[in-house]
Amino acid sequence: LRLYQQYFLVSCAAQQILSEMKARKCDLRRMYDYAVIQINDTHPSLIIPELIRILTDDKALSFMEAVKVVTKTCAYTNHTILAEALETWSVDQLSEVVPQLVPIIHRLDLIIKNRYHDPSVWIIDTERRVHMANLCVHFGFSVNGVVKIHTKILEESQLSGLYQIYPEKFSNKTNGISF
């Protein structure tokens, strides 16, 4: 149920963003000039393959053009290192719920596996589990934790392999009260 809910919400959001951009006659190849999509924890991370799907199926962008646009448009916030915020889904579960996105996730994974031989940074691991945080870090322009010590933990343990690849993407945006 959670996966169905996540997909429903991100698909609606993606379609609304693209509809508004079309109404305003924005160049979809420069979506990042008009919108930033903030992925809060990994729950809405399916926005990445969903946007790529829509941009390639409906808007006639090439796959790599769509990847470039989405990577410059999406940013990722991690609120906790607990498992529920670092979701993984089996390829089988995704195939049942979002079969149209699985080929895109496989292509994104292949891009990463061709670049990096460290399994800790792969999108799909050897047990055929999709690591949504890895998807967000590789195909987003920014990664942040919500408190300084938390960001440090992300950089030094949970996402250390990704931090080694993309130190420029990592930053801290302190969560808290604003007066």
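Details
- Using a simple spin-label model with pseudo-atoms 7 Å out from Cα toward Cβ, Asp27 and Lys72 lie 0.9 nm apart.
- The aspartates and glutamates whose alpha-carbon is closer than 18 Å to the alpha-carbon of Lys68, local same-chain residues fewer than 8 away aside, are Asp27, Asp33, Glu50, Asp57, Asp58, Asp109, Glu168.
- Summary of the geometry: segment 18-65 and segment 115-167, compared by the centres of their Cα atoms, lie 22 Å apart.
- Taken along the Cα-to-beta-carbon direction at a fixed 7 Å, the label points for Gln15 and His79 span 2.6 nm.
- Relative contact order (%) - segment 130-179, alpha-carbon pairs under 8 angstrom, separation at least six: 44 percent
- Portion, in percent, of the accessible area of segment 1-108 that falls on carbon or sulfur, probe 1.4 Å: 54 percent
- Sorting Phe170, Phe141, Phe8 by solvent-accessible area of protein heavy atoms yields Phe8, Phe141, Phe170, largest first, with a 1.4 Å probe.
- Each Cα pair under 8 Å and six or more residues apart adds its sequence gap; the mean of these over the residue count of segment 45-114 is a relative contact order of 33 percent.
- Largest-first principal axis extents, alpha carbons of segment 86-179, Å: 45, 30, 21
- Probe 1.4 Å, protein heavy atoms only - accessible area per residue of the chain in square angstrom: 52 Å²
- Percentage, to the nearest whole number, of Cα pairs in segment 62-109 over 18 Å apart: 50 percent
- Measuring nothing but how far apart in sequence close Cα pairs (under 8 Å, 6+ apart) lie, relative to its length, the chain scores a relative contact order of 22 percent.
The values are calculated or read from the model by the stated rules, or taken from the named source; none is laboratory data. Source: prediction; values computed, not measured. We place every Cβ from the backbone using ideal geometry, glycine too, and count neighbours over all the protein chains shown. With ligands, DNA and RNA removed, areas are computed over all heavy atoms of the protein, side chains included. Shrake-Rupley method; radii C 1.70, N 1.55, O 1.52, S 1.80 Å.
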